[in-house]
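Any read-out appearing in this document is the output of simple, stated calculations on the displayed coordinates, not a laboratory observation. Remember, it's a predicted structure, so these values are computed and weren't measured experimentally. Ideal geometry is used to build each Cβ from the backbone, glycine not excepted, and the neighbour counts take in all protein chains shown.
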Amino acid sequence: MRNLKIAFLALTTVVVLTTLFIRVPLPSRGYFNFGDVAVIFSGLVLGALGGRHGFVWGAAAGGVGSALADIIVDLVCLLPSPWSPRVPKVL
């Protein structure tokens, strides 16, 4: 069980970092990030490690990692810049 929790934390970190930093721009003005690949990878790895409930740990690692990445990106975008003359209004 301890190894499963360590793997959960490690894969959650991998999901956050790959979602934030590895992006491939697409011609349709969007992007593909490798965080999606890391989510599937965490489900496969923790599913194999955890036995019967390993898939739940893998899904949780992918979900928590993606949510943390979204929170980090949104907080950074909403922080006022010290160089801006005024703070933009947020709806």
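Strictly greater than 16 Å: what percent of every Cα pair in the stretch 2-73 meets that? Of all Cα-Cα distances in the stretch 2-73, 45 percent exceed 16 Å. As a proxy for reagent exposure, ranking Ser28, Ser42, Ser66 by other Cβ atoms within 10 Å from fewest up yields Ser28, Ser66, Ser42.
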